[in-house]
Amino acid sequence: MSLATTSGAMPAGGAAGGGLAMAHQAQAIAMPAAQPPPGAEIPGQMGGPPVTVAALGADLVDKSQLSMKQVKNVSHLPIVAIDLCATDPMVASFPPKPSEPDLSLRATIIGKLQPEVSFNKSESSQKMLKKYLSKDKSYDELRKTSLSTSSKGDVVTIHKPYQWMGMRRLQDTPDFVKENDPVVKAIGKREGGATAAISEEASLEGVHVTNGTLDGISSPNGDDFDRVVYKVRLVNSKKAVTMLPEEATNLILAVAQTSVARKNILEDDPLDYPISVAFPAWASHDACLEAWMDSVPGAVFYQRSIAALCGAMQPGTTQSTQNALLDRITKVTRALLSEHQKLNDGTRFEYEPLVVLAGLTIDGIECTAVQVSDVQDSIPSCVFGNYKVLCNVSYPTNDGLASLADCMQELYKIQGEVAPEVEGPVAFVPYATNKDQLSGLTKSLDTCRAKLETWEKVPVLPARIDCVAIGTAVMAAVTHGRLARLITGKNNKPKPALAMQIHNVAPTAIGVRMSYKADVWAPVKTIFDFDRRVPAGPYGLDLSAARCAAMLQVGAGDKLGWESDELDDAVDAAIKDVEGSKGIPKREAAALCFKLQIVQKLTRDGEWINVGDEIMPLTKIDDEGDDEKTVACEKIALELSMNSMGVITQSRVGVLETVVQALKTSRNSTIRYWISIILAIAFFGGFLVKSYWEESVFERDTKRLLAYYKHVVPGSMSDGDKQNAKYLVWKYKGKPNKLWRRLEKKYGIPVLHAHEYEDLEEKSEEEIEVENLDDEEESEEKQTGDEEKDL
């Protein structure tokens, strides 16, 4: 393996298997910070309650990337951080987790390594490589026999294998990857195109990039199992060995791990050291990250721009190495605080500085706008505890400086749209992979800012070359719970938390493309766009055979355009025609034709690329019987999610039922629904009827008892005492006849119903009225007789 030897002789341990060029003096960062963080003397700027060592001893982990078990298993090992995008990949390390919390721990630069793997040309070397790939030999044995410490001489070299990770087919690989690979580029010039590198068997010694499969044996079939592979031949007499880019990349990572191990006196296998890697936005796509997660278990991954900012925020270790960016943030914050105090309006001073980063590599350029907040004076590695990304613009290109102006203009525009309330940036921070790149980027950025209204006076403060590696190591330490802080929880009680909280935005865009008939695809429907806050999802897509049949019936894409306003109304009307038993044939045919393709866009002006194979979500395999067959299903829900790095997760929610089975289930569900409604009405209605009847009987008996007392003992205490009557009726509830018998026995008068007493009273009144009329007639006659007598 090729090594950089820019700083003296190579240590004895690196003679056989390679190592890193050691970084000394200004590159090492191991001393506690002497520079106070910004806001240390500003009221209200220091975040969180005071730190106590006991509280920070709790086990913490970023569960979005690792489990607690994974963290505990490697807590005694140093973290290896690698910036693979650098011209010469930079390696940094973070110390193991101490027995007692130590917030002064700092990341340290270990050195540089060459982005390539070199093998000796010999028969023994080829045999050892073949056995290593089949897991029969260890890395140490491979290092001693096959790996070379130089890319010159009689060796075969694989350049930047990590750029090919996850690539399915050579012809679908981005141009900047092909152009950066000397093998593909040379063959392309000689044979008229990069695809000429596709060769199943080469007759000469060397390495060839070709289309293969994940198992290294099968032939490419045009599906998601395809992979770009290396054909490595170390001797003419032997057959070429198939090697995946992931396997070649692991050899580069092993060099970094063994180099960090030399700095630590540990008995553990260096290959067990936890790894962290930072990716630029254009490389944060599903295929690449999936390959990394599968090939490097337990590794953690970050956005390269955030890692660069974290590294650029590291305070200086001496008075002569003050951090210009932190000084600038402190100066601006204090000036704004002074203006706020002059207003004296009683409001709390709140300010989150905005930093704009511009990163350049040989593969592309990216610009990012990030807000920082929550100053932490007690954690030098994490001066700010909160990073909020507003937007990111990236372009994969071999001439990043030519695209810088467009990148910054796009970022300026988007930042004004997504966060118009945010004031201008405090600084532009360019970062690059070598001094020449950084110098050119700084000059170009100084020219570009003049064209950005309100940003033209923002200072340009270049970051160190090693900022990405340092920042990646610090962020990995936070993920592993080695750097923590105290925050105010519920009931205003302090609780431990990770020392840094990062709010990312989507580095790529995610969408779906649907097909309702063969070779005809609808336009892409964007699910998660650029600058969407991530993690995002799950986003549900309700898919049904009825809608697919309706789309075919109305002629979507032919008679009615995909973007037509009438399409949705026509489809809704057509769904009614294809539902029910009569529409089963149409729904089955439509479900079998329906296909869905998940797609991803890496840049804003780029094209949608396929993620995985086409899927037929409305079908399932029926394995009943001797032959398997694909059957149509009625409906299913497809949920899509996106993590903070751009990895896509899909899941199906629901039960896949055939169209006929789903119809029966639907009918049975409808019948069960109405039966349940009827039973519920009967059940609760029965209680209502029972309650109503009992209340009516209670009121009737109460009136009956009051009427009885009024008739039997008028004017007594019981006459008209409604409460006493209710009590007696309640007391003899369910056995009223017993009450009536006792009353009859006591008073000797039978208990009649209330209306019977009213009838008796009316009858008595009639008799009385009749007697009075007779008396009146007699008195009138007597009076008449008297008058006659008088007369």
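What the table shows:
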quantity	calculated
The range 68-128 and the range 349-368: distance between their alpha carbon centers, rounded to Å	26
Using θ = phi - 60° and Karplus 6.51 cos²θ - 1.76 cosθ + 1.60, couplings along the range 294-307 (whole Hz; Gly, Pro as x)	6, 8, 10, x, x, 7, 10, 10, 9, 6, 5, 5, 5, 4
Packing rank of 282-291, 724-733, where each peptide gets the mean count of other beta carbons within 10 Å, highest leading	282-291, 724-733
Heavy-atom surface of the range 638-725, accessible at 1.4 Å and reported per residue (Å²)	66
Accessible surface of the range 252-296 [probe 1.4 Å, protein heavy atoms]: carbon and sulfur percent	48
Cα-projected label distance for ILE621 with ILE265, points at 7 Å along beta-carbon direction, nm	5.7
Apportionment of accessible area to carbon and sulfur, the range 571-670, percent (1.4 Å)	47
For the range 260-274 versus the range 619-685, the gap between their alpha-carbon centres in whole angstrom	52
Inter-site label distance for SER218 and LYS495 at 7 Å from Cα along Cβ, in nm	4.7
Amide H partners (placed H, <5 Å) of ALA427, local residues excluded	VAL356
Qualifying GluC sites (Glu not before Pro) in the range 600-678, DSSP loop, other Cβ atoms within 10 Å at most 13	GLU607, GLU624, GLU628
Full-stretch length increase - VAL235, GLU417 - with 0.36 nm per residue and alpha-carbon distance subtracted	59.6 nm
Where labels lie 7 Å past Cα in the beta-carbon direction, separation of TYR732 and HIS503 in nm	7.6
Amide H within-cut-off set for VAL534, under 5 Å, with H built and near neighbours excluded	ASN504, VAL505, ALA506
By average C-beta atoms within 10 angstrom, highest first, the peptides 224-233, 166-175	224-233, 166-175
Gain on full stretching of the segment that runs from LYS72 to TYR673 - 0.36 nm per residue minus C-alpha separation	211.2 nm
Estimated FRET transfer efficiency when R0 is 30 angstrom, pair ARG348-ARG533 (beta carbons, to 0.05)	0.75
Cα-based shape type of the range 75-133, given that a ≥ b ≥ c are square roots of the gyration tensor eigenvalues and the cut on a/c is 1.5	oblate
Protection-proxy order for peptides 157-165, 68-76, each taking the mean of Cβ atoms within 10 Å per residue, highest first	157-165, 68-76
Placed amide H near THR213: partners under 5 Å, 5+ positions off or other chain	ARG227
Using θ = phi - 60° and Karplus 6.51 cos²θ - 1.76 cosθ + 1.60, couplings along the range 410-415 (whole Hz; Gly, Pro as x)	5, 5, 4, 5, 5, 4
Cα centroid separation - the range 706-729 against the range 223-247, whole Å	106
Note, ³J(HN,Hα) from phi for the range 585-600, Karplus 6.51, -1.76, 1.60, rounded to Hz, x at Gly and Pro	x, 5, 5, 5, 5, 5, 5, 6, 8, 6, 9, 9, 10, 7, 10, 9
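The values are calculated or read from the model by the stated rules, or taken from the named source; none is laboratory data. Worth saying up front: this structure is predicted, and the values here are computed from it rather than measured. Glycine also receives a Cβ, built like all others from the backbone with ideal geometry; neighbour counts cover every protein chain displayed. Each accessible area value is taken on the protein alone, full model and side chains, heavy atoms only, with ligands, DNA and RNA left out. Shrake-Rupley method; radii C 1.70, N 1.55, O 1.52, S 1.80 Å.
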